[in-house]
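Please read the structure below before turning to the comments.
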Amino acid sequence: MSLVLTWEKQNLISIEPLSLADINTIFSLARYYKQGTESGQLKFDALEGRTVINLFLEPSTRTRLAFEIACKRLSADCISVSVGASSLSKGESLKDTARNIVALGADVIIMRHSSSGSADYLSKTVDTPIINAGDGSHAHPTQALLDTFTLTERLGDVKNKKVTILGDILFSRVARSNIHCLLKLGAKVTLAGPNTLVPKEFEAMGVTVSHNLKDALEDADAIMLLRIQHERQTSTHFPSIGEYTTSFGLNERRAHWIKPNAIIMHPGPINRGVEIDSKLADSSNSVILEQVKNGVFVRMAILHLCHAAHTQTKISLPK
Ligand code: CP
């Protein structure tokens, strides 16, 4: 028995171009790596001898470390670069930086950047697989894939399951990518939060917008909380953080509105006492650390698939 996968995309820029079959292929390979790791296999040879550059031009803990660990588990050499430690701080363009990274022998480039569209731009600049680790408020596809992978582990098929995303939707790349991924999987998505951060215009994506928190929470199978993205807001969208928490924070009183077995998710970093009470973040409903753990396996799968597409290598793994 072997796991044979078909994959033709060398870049992962956003969720939109992925078919349902593509998402299931990523999940199958992530499951393969998760099961292998949990059975004691800590190294796989899919990227042996390859060099992966982790170009992180915005702060990150989870995504950067998960990609670094994923590379090491796949036997690749992984080098992480931050903006302060690169010649971007001396005025070099992103295009020149990328072309130099390729000249140095990069086989895959992972990039986080503050500008929406930067990952797509990079993918049209160099013929090396580009994986988007978050670009501005546009997309964070690997986060959405690890979130939905975690949901499927907990809920099984998410078709017709109700997922409420609560918080700063307007500035959130995590929300945008999750909306696309959840809809492709057939989930029913509700967006909730203040009307300044969750405008009705989002309904054009095929979701429900609710400014009534009780309605949005009480029949949800999963609640995905988001922090306020201060770094992307050019003006304030509610009077103060305290007032946001008073109106929209998930606290113990509001937790009585949710179903007893509803799943609480958060991409991190969490602001305890702001969008979520500490007790709820650490409760048995919370899968926040499972999301982080699954981030390694989902990113192993994406690295393997994108590299295989670029090198036109067939994926056939012993089961
Ligand atoms: N979820 C997420 O992107 O976290 P980091 O910013 O720590 O990578």
Seminar exercise, completed: By the Cα gyration tensor axes a ≥ b ≥ c (a/c under 1.5 gives rounded; else a/b larger than b/c gives prolate, otherwise oblate), the shape of the stretch 1-79 is oblate
Seminar exercise, completed: Expected field for residue 165, accessible surface area in Å² at 1.4 Å probe radius, rounded to 10, holds 0
For this session: First check a/c for the stretch 247-319, with a ≥ b ≥ c the square roots of the eigenvalues of its C-alpha gyration tensor; if it is under 1.5, answer rounded, and if not, answer prolate when a/b is larger than b/c or oblate otherwise.
Result: prolate
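Where does the longest stretch of the chain lie that holds no GluC sites (Glu not before Pro) found in a DSSP loop with 14 or fewer other Cβ atoms within 10 Å?
Result, exposed sites excluded: 93-319.
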Problem set entry | Area of residue 215 that stays accessible when all protein chains are in place (1.4 Å probe, Å², to 10) | 90
Seminar exercise, completed: Over the chain, the sum of -39500 (n - 2.57) across DSSP H runs of at least four, divided by residue number and rounded to 500 deg cm²/dmol, gives at 222 nm -11500 deg cm²/dmol
For this session: Could you list the square roots of 5 times each eigenvalue of the Cα gyration tensor of the chain, that is, the equivalent ellipsoid semi-axes, sorted largest first and rounded to whole Å?
Result: 33, 24, 17
Problem set entry | Accessible area (Å², per residue) of the chain, counting only protein heavy atoms and a probe of 1.4 Å | 43
For this session: In nm, give the distance between the simple-model label positions of residue 48 and residue 95, each being 7 Å from the Cα along the Cα-to-Cβ direction.
Result: 3.9
Problem set entry | Relative contact order, percent, the stretch 49-136 [alpha-carbon distance under 8 Å, six or more residues apart] | 33
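The values are calculated or read from the model by the stated rules, or taken from the named source; none is laboratory data. Everything numeric here is computed off the predicted structure, so don't read it as measured data. For neighbour counting, all protein chains shown are included, and Cβ atoms are generated from backbone atoms with ideal geometry for every residue, glycine included. The accessibility values were calculated without ligands, DNA or RNA, using every heavy atom of the protein model including side chains. Shrake-Rupley method; radii C 1.70, N 1.55, O 1.52, S 1.80 Å.
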